[in-house]
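The values are calculated or read from the model by the stated rules, or taken from the named source; none is laboratory data. Just so you know, these numbers come straight off a predicted model, no measurement behind them. Positions of Cβ are backbone-derived with ideal geometry, glycine not excepted, and every protein chain shown enters the neighbour counts. The protein model used for the area step is the full one, side chains on, heavy atoms only, and it has no ligands, DNA or RNA in it. Shrake-Rupley method; radii C 1.70, N 1.55, O 1.52, S 1.80 Å.
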Amino acid sequence: MQNTRKISLAAVTLTAAMALAGCQSGEDRAEGHFQSALELMEAGDFDRARVEFLNVFQNNGLHREARSEFAAMQRARGELQESYSQYLRLVEQYPDDLEGRLALAEMALQFGNWEEAERHGSRVIEAAPDDPRIAVIETYLTYLDAVEAEDDLARGAAYAQAQELFEEDPSRFLLQRLAVDHLLRERDLEGALAAVDGSLEVEPDNRLLNDVRLSVLVELDQGEAIEGHLLTMLDRFPEDEELPATLLRYYLAIGDTDEALTFLRNQAAEATEEDVREDALVVLVRLLLETEGPDAALAELDRILAEGQASTSIFGALRASVLFDQGETETAMAELEALLEGELPVQETSRIRIALAQMLMATNNVVGARAQVEQVLEVDASQADALKMLAGWLIEEDQADRAISSLRIALDENPDDAQALTLMAQAHDRNGDDNLAREFYSLAVEASDSAPAETLRYVQILMEDSRSFFTAEELLISALRLEPGQPDVMRTLGMLYLRMQDWARAEQVETTLRDAGDEISLRVATQLEVDRLAAQGRTEEAVTFLEELAGSSGIEDVGAQIAVVRARLMNGETDEALSAIEQLVAEAPEELAYRFTLAATQSATGDLEAAEATFRALTEEAPEVEQAWVGLIRILNAQGRSEEAQAVMNDALAVLPNALDLLWAQASFLERDGDIDGAIEVYELMYERVPSSEVVANNLASLLLTYRDDQESLDRAFAVARRLRNAEIPHFQDTYGWLSYRLGDYDEALAHLEPAAQGLSEDPLVRFHLAMTYAALERYEDAVRTFGEALELAGPEDTRPQFETAQSEIERIEGVLAAQAEAETE
């Protein structure tokens, strides 16, 4: 009985305790958790203390002391973001909390968030101006105000005040941060390094300070210290994915390939995650390929695959890629196809199919490539690489709207995909949406971090408008920070300065290129200097410069000698140019470049018979060189020997059936002879070869619009020519204007045809198009006048049907005007 009684008493006691707990208020429970948190803090058990603090806030979100203690604890532990958040909640609930405001101001300065530092700092300065801790905040804010105002004197004074405060109390570590900034602005790099080292003693895990130290070491060119600090940062910030790449770039920048390879091998060996290990191995293989060649890369790949270190599909595909680049195309594609026969995850299968599609494209098997891409999209309709390849084909086929839809899906997956953004720009460009195209080209530059290829595409557009020159300059300089001395970027920057007539900076570009010392950079520097001297009207100096250069070893002799000849021609010194090139041919008759220049010089001096003989000899000796045939055709046409020119063209096409300039000549002959269908067929072939050419697009659309009336031809003309919507070239304006007329959009037609008629004032067909538009808009007086101008320009011998129409339209409109006049008199 006693045991039963004891159990009953225990049960009663437990029930009473539970009842008592139920009667406790939320504030009481919060206080209990707070006291528990304080005890755990004192015992050093901060993780459990954190849980207790959170329990406090669940029961009483306004517990001021708990909020303050928790924020302080997290700040002391280095959990700064959570600490800042808790302090922020504290001052929102209790705006007069001085300690909270002070902590927020200090932490905002620590984060580099000047706006927040000003917001909270101004409150503590106002509330407790005599508190010695406030002096640090006030001095820092005074310094920031001086920086913003670009007041160097006030900035120096604030720095001096900071130094005094720091000497008084070295625990005021924020003042060292101020000193770092000031010394960097003063370019006292040694002093800045000492100051940042002092700050790092207090805040070793502050990423911003570590980055500042690295940049200062780079500027001081302290190689061993740079490597040591990067290794230290790798230990301090193991989760930072950028640091290994930074260290690798450092090794490559100093030319220490062995250390770079060792680093990558160690990184792969020590990696605990498969994707990290595989990334390191991929970079290792690519570095071996670049520095030691394909044999070393293939050997490494074979070792990786044999040891089973990583994915067979990924590294098997990489092996196939190396083989393909070495010309073993069939073997490479066979290896990819063999990989596809195995059981692979969908993502890896898609990746291999895309790689195979790219190889098929490179071997001109478009049908096979599209089949692979379609298989990928059947399984995963959002696969970005497949969508980008599909979009590229759609753009070439003038299905820009479908391309845009595909690219939107790809960009939903990755909005910063520079390739997808570039394709989107090209699709809008093909649609004639210039503003959207510019916007996406700009986004591609931003997404690529100013990579040269994306930057150059956008800059070429910006350079068409003088108002965008400074934007273009900024973009090019950003690209050079990524790849210093990149020749294409340097060339474009030099050309930009020439357009800006900024001769001094153009010379700086030339000097930088010459200092690089490689052959490509020297060539670019030479051409820029010649162009600059010519633009300044100093052509004689350009000739002298080239003559001196031709005898030096800094540039290939052939190119320099030809440049001398061209410069003399530019300068009007035709006899001297001809004499110089004849001497060069006599000294090196086997050099085809000299003989091409001789033919061009003979033509320029009016000796067409000699030019013809030179070009004929070249077509016999080098029939595979298109420009020899083109030069001969032009010479024959210039002499009025069109039938002979046509015969030469036929001979040339038998040797080079896909040569674009020859096809262009063929289309011109066919159009001249009235074989419009034949000319259209040739232009279609050319358009298939170079779908991005606006000139080909214009000529094809113009023939379709001028000589065909069926809906299919009109639709084709629209698909090809809509990119010309915002063109400022008169021929393009005429084509798009007439297209708009044919589509019934007469206002759009007028907007293009009026400037076209001004630019092509002697072309009767453009006048006819404008007159037809006036007539459609019932601007009858303008129409009659413009029809009359068209007929006058065409003359009575022009039997094209448009001018018969012009005459009948005049008669029709005069009848309409007469009827209107008669109606008014009645």
Check: For the stretch 279-312, which residues satisfy the criterion of being assigned to a helix (DSSP H, G or I), in contact (Cβ under 8 Å) with a residue 12 or more places away in the chain, within 23 Å of GLU241 (Cα to Cα) and open to solvent by 20 Å² or more (accessible area, probe 1.4 Å)?
Finding: VAL282, VAL283
Next item on the list: Restrict the check to the stretch 593-604 and report whether at least one residue is out of contact with any His (no Cβ under 7 Å at 6 or more places or on another chain), not in a helix (DSSP H, G or I) and not hydrophobic (A, V, I, L, M, F, W, C).
Entry: no
Note to self: Which of the numbered conditions does LEU636 fail, given that it passes all the others? Conditions: (1) loosely packed, with under 14 Cβ neighbours inside 10 Å; (2) over 22 Å from VAL695 (Cβ atoms).
What the structure shows: (1)
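Condition check ((1) open to solvent by 60 Å² or more (accessible area, probe 1.4 Å); (2) of a type in the set (Asp, Glu); (3) touching a residue at least 12 places away in the same chain (Cβ under 8 Å)) across all residues:
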position: ARG133; (1), (2), (3): yes, no, yes
position: VAL136; (1), (2), (3): no, no, yes
position: ASP145; (1), (2), (3): yes, yes, no
position: GLU164; (1), (2), (3): yes, yes, no
position: LEU174; (1), (2), (3): no, no, yes
position: ALA179; (1), (2), (3): no, no, yes
position: ALA192; (1), (2), (3): no, no, yes
Next item on the list: Tally the residues that are open to solvent by 40 Å² or more (accessible area, probe 1.4 Å) and at pLDDT 90 or above, restricting the search to the stretch 454-470.
Entry: 2
Next item on the list: Consider only pairs whose beta carbons are under 9 Å apart and that are at least six residues apart or on different chains; among these, list those whose first residue lies in the stretch 763-781 and is under 16 Å from PHE732 (Cα atoms) and in contact (Cβ under 8 Å) with a residue 40 or more places away in the chain and whose second residue is of a type in the set (Gly, Ala, Ser) and part of a helix (DSSP H, G or I).
Entry: LEU765/ALA790; LEU765/ALA794
Notebook entry, point to check: If a residue has to be surrounded by fewer than 19 Cβ atoms within 10 Å (Cβ to Cβ) and among the β-branched types (Val, Ile, Thr) to count, how many in the stretch 315-328 make the cut?
Noted result: 0
Check: Condition test on GLU126, is it part of a helix (DSSP H, G or I), in contact (Cβ under 8 Å) with a residue 12 or more places away in the chain and open to solvent by 50 Å² or more (accessible area, probe 1.4 Å)?
Finding: no
Next item on the list: Would you please list the contacts, defined by Cβ atoms under 7 Å and residues six or more apart or on different chains, that run from a residue in the stretch 678-699 that is in contact (Cβ under 8 Å) with a residue 12 or more places away in the chain to a residue that is open to solvent by 60 Å² or more (accessible area, probe 1.4 Å) and not in a helix (DSSP H, G or I)?
Entry: ARG689/ASN658
Item checked: Any chance ALA697 is open to solvent by less than 50 Å² (accessible area, probe 1.4 Å), under 33 Å from the mean Cα position of the chain (by Cα), over 23 Å from GLN627 (Cα atoms) and among the small types (Gly, Ala, Ser) -> no
Check: Do we find that ASP677 is out of contact with any helix residue (DSSP H, G or I) (no Cβ under 9 Å at 6 or more places or on another chain), at pLDDT 90 or above and farther than 20 Å from ASP429 by Cβ in this structure?
Finding: no
Next item on the list: Give the stretch 47-61 a look and list any residue that's part of a helix (DSSP H, G or I) and more than 11 Å from PHE34 (Cα to Cα), or say none.
Entry: ASP47, ARG48, GLN58
Margin query: Which numbered condition in (1) open to solvent by 40 Å² or more (accessible area, probe 1.4 Å); (2) touching a Leu at 6+ places or on another chain (Cβ under 6 Å) is the only one that GLU824 fails?
Written below: (2)
Notebook entry, point to check: How many residues are within 17 Å of ARG249 (Cβ to Cβ) and touching an Asp or Glu at 6+ places or on another chain (Cβ under 7 Å) when one looks only at the stretch 260-294?
Noted result: 2
Check: If you take the residues in the stretch 768-799 that are open to solvent by less than 80 Å² (accessible area, probe 1.4 Å) and not in a helix (DSSP H, G or I), which one is nearest to LEU739 (Cα to Cα)?
Finding: LEU777
